Amino acid sequence: MNKYIILIFPVLLFAGFLYAVDDKSGLVTGKCDTCHSIDKICKNIGKKDSSAWEKTIDRMIKKGAKVSGDEKKEILAYLPGLEPGTNPICK
């Protein structure tokens, strides 16, 4: 039994790490809900493509949002791929 635990634990740990790296919900909520509710983002998930999200983020940065170039890239890689009602952003 201990052999199985030793073999399975690293796999589960690695899978959790991959999920954490891919999940940018904390970045999105941390940057966006400073100025408005996440509902505003949720209403546009599944409707906006990458180009539309980039225009939105650029507009928010011009209005004072504190988003670095790397964070912008991460958000742009994340938001367009979400389905409407996605957790944990749209709980």
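The values are calculated or read from the model by the stated rules, or taken from the named source; none is laboratory data. Just so you know, these numbers come straight off a predicted model, no measurement behind them. Because the Cβ atoms are built from the backbone with ideal geometry, glycine has one as well, and the counts that use them run over all protein chains shown.
List of remarks:
- So residue 61, is it of a type in the set (A, V, I, L, M, F, W, C) and not in a helix (DSSP H, G or I): no
- Members of region 22-45 found to be over 17 Å from residue 67 (Cβ atoms) and loosely packed, with under 14 Cβ neighbours inside 10 Å, listed by number: 22, 23, 37, 39, 43
- Selected residue (only one of 91, 66, 24 is basic (Lys, Arg) and modelled with pLDDT under 85): 91
- Residue 54 of a type outside the set (A, V, I, L, M) and under 18 Å from residue 23 (Cα atoms): no
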